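Taking it in order: structure first as structure tokens, then the write-up.
The values are calculated or read from the model by the stated rules, or taken from the named source; none is laboratory data. None of these values were measured; they are calculated from a predicted model. For neighbour counting, all protein chains shown are included, and Cβ atoms are generated from backbone atoms with ideal geometry for every residue, glycine included.
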Amino acid sequence: MNSEPDYHNTALKFADGDIPSGKMAWRSPSNIALVKYWGKKPVQIPQNPSISFTLSKSYSETEVSYSPAVSGSLEMEFYFDGQRNSVFEEKTANFFQSLSDVFPFVNQLKFIIRSQNTFPHSAGIASSASGMSVLAMILCDMERQLFSTLKNDVDFRRKASFIARLGSGSASRSVYGGLVIWGETEVVSGTSDLYGFPMNEEIHEIFTRYQDTILLVDAGEKKVSSRVGHGLMNSNPYAGERFKQAHENLSELLQAMRDGDTATFIRITESEALTLHAMMMTSQPYFLLMKPNTLQIIERIFTFREKTGLPVSFTLDAGPNVHMLYPAAIKAEVKQFIEDELVSFLSPLGFIDDEVGKGPEKIL
Ligand code: PMV
């Protein structure tokens with residue numbers, strides 16, 4: 001286990017009468033796990049390492065205005081899609097408050113936060129990953145600008161990933177572009193349970209431009225929150241084996257991704273998706289998060305792959321939507337496949353044509 005970086009810093013506080021005002025904005029993407037994180041220990045420590053693709057078009061865009069708090073402690077207004085949102089406001093204020101030892105300055109400020117997503121939230125697309133990572137980027141950027149710290153990008157990203165993890169485990173991976181591991185694995189040195197680790201150098205070219213078309217079967221609210229889902233793993237009878245399997249899958253998947261071996265990539269990622277759902281089906285209480293159209297699409301993908309020999313596969317998040325994964329070189333064939341065979345199974349929201357992305361971006 002890596003030792004905890006000591007991010008407690010009482011110096012990150014403004015002198016009385018010298019509290020600044022300003023504004024900044026970042027965009028941060030969601031990610032899709034290939035080996036899943038499902039099950040955790042306090043505080044936000046994963047039971048197994050996970051690996052994901054950071055996405056490109058599915059992101060949160062958040063603007064934070066700050067000014068001296070009149071009450072002398074943290075104040076916040078949170079607007080989501082232009083509307084004041086009390087749920088997000090409370091959640092974000094609690095998150096900021098919980099970081100008082102790391103960023104003591106938060107208690108001196110009033111925050112006005114305006115956020116929006118490019119995709120439906122709580123639909124099993126990891127909105128917490130983009131939403132929490134964007135806040136982590138902003139807090140670290142505020143520290144960097146206002147206290148002249150975190151000059152080195154490695155330190156900046158690592159701290160942002162550490163902070164994002166405390167908001168939502170999967171958010172730790174969204175701080176980096178491309179393929180990202182979160183959780184200590186003996187097969188990659190430098191990985192940690194405390195922050196994400198970018199893997200891009202060693203990956204075969206086919207996976208650097210991989211496509212993820214997110215087929216929105218049902219864009220309603222999630223049936224089970226990931227907090228509840230992770231908790232169910234504490235009593236799931238298969239949990240121990242599952243955590244062990246995730247280590248093995250990660251190691252084998254990584255080798256396949258170095259080699260450009262799409263057959264092994266497909267076998268492992270599809271099995272991971274079904275295992276995640278199997279864990280929820282075998283918990284008490286149990287949850288069935290697929291919809292009939294989720295299965296229709298999966299069956300069509302199997303048949304299409306068999307018929308054409310093209311490396312099209314699926315993965316799932318903790319919900320009914322299907323992430324269809326494939327190399328950029330077969331985009332045209334897959335587009336035709338969606339039009340011919342899949343659109344009738346989709347909700348009115350249709351699909352999001354996404355792909356591997358570069359990670360968060362500062363916009364103001
Ligand atoms: O970060 P959380 O607590 O929302 O958990 C995410 C869990 C999955 O999305 C189902 C899997 C993963 O590794 O992202």
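Things worth noting here:
- Those strands (runs of 3 or more DSSP E) of region 1-111 in which 3 or more residues are within 16 Å of the ligand (Cβ to nearest atom) and not assigned by TED's automatic domain parsing to the domain that holds I214 occupy 22-35, 50-68.
- Pick from region 25-46, criterion touching a Lys or Arg at 6+ places or on another chain (Cβ under 7 Å) and surrounded by 21 or more Cβ atoms within 10 Å (Cβ to Cβ), ranking: nearest to G231 (Cα to Cα): P46
- Evaluation of Q44 against the conditions (1) polar (S, T, N, Q); (2) on the phi > 0 side of the Ramachandran plot; (3) in contact with a Phe, Trp or Tyr (Cβ under 9 Å, 6 or more places away or on another chain) shows that the sole unmet condition is (3).
- Reported count of residues in region 164-213, each being in a helix (DSSP H, G or I) and within 14 Å of the ligand (Cβ to nearest atom), is 9.
- Checking D155 against (1) touching a helix residue (DSSP H, G or I) at 6+ places or on another chain (Cβ under 8 Å); (2) without any contact (Cβ under 8 Å) to a residue 24 or more places away in the chain; (3) of a type outside the set (S, T, N, Q), the condition it does not meet: (1)
- Output for region 220-236, where each listed residue is over 18 Å from the mean Cα position of the chain (by Cα) and surrounded by 16 or more Cβ atoms within 10 Å (Cβ to Cβ): K223, L232, M233, N236
- Meets criteria (in contact with a strand residue (DSSP E or B) (Cβ under 7 Å, 6 or more places away or on another chain), buried (at least 16 other Cβ atoms within 10 Å of the Cβ) and modelled with pLDDT under 95) for V217: yes
- Checking L288 against (1) closer than 23 Å to P29 by Cβ; (2) among the aliphatic types (A, V, I, L, M); (3) within 16 Å of the ligand (Cβ to nearest atom); (4) in contact with a Lys or Arg (Cβ under 9 Å, 6 or more places away or on another chain), the condition it does not meet: (1)
- Test: residue in region 326-347 that is within 16 Å of the ligand (Cβ to nearest atom) and outside any loop (DSSP other than H, G, I, E, B): no
- Summed over region 135-160, residues that are within 20 Å of the chain's Cα centre (by Cα) and closer than 17 Å to T62 by Cβ total 8.
- Pairs linking a residue in region 87-99 that is closer than 13 Å to V134 by Cβ to a residue that is part of a helix (DSSP H, G or I), with Cβ atoms under 9 Å and 6 or more positions apart or on different chains, are F88/G131; T92/G131; T92/L135; T92/G167; F95/M132; F95/L135; F95/L166; F95/G167.
- Some residue of region 140-151 being under 30 Å from K291 (Cα atoms), crowded, with 18+ Cβ neighbours inside 10 Å and of a type in the set (A, V, I, L, M): no
- Selected residue (criterion: farthest from L274 (Cα to Cα)) from residues of region 296-325 that are touching a strand residue (DSSP E or B) at 6+ places or on another chain (Cβ under 9 Å) and within 16 Å of the ligand (Cβ to nearest atom): L325
- Lone unmet requirement of (1) out of contact with any strand residue (DSSP E or B) (no Cβ under 6 Å at 6 or more places or on another chain); (2) at pLDDT 95 or above for P198: (1)
For every residue, the table says whether it meets (1) modelled with pLDDT of 95 or more; (2) surrounded by fewer than 21 Cβ atoms within 10 Å (Cβ to Cβ); (3) over 21 Å from F53 (Cα atoms).
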position	(1), (2), (3)
Y238	yes, yes, yes
S251	yes, yes, no
L254	yes, no, no
R258	yes, yes, no
T262	yes, no, no
P292	yes, yes, yes
L316	yes, no, no
M324	yes, no, no
E339	yes, yes, yes
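- Residue check, G183 surrounded by 14 or more Cβ atoms within 10 Å (Cβ to Cβ) and on the phi > 0 side of the Ramachandran plot: yes
- Set Q245, Q255: member being on the phi < 0 side of the Ramachandran plot, without any contact (Cβ under 8 Å) to a residue 12 or more places away in the chain and assigned to a helix (DSSP H, G or I): Q255
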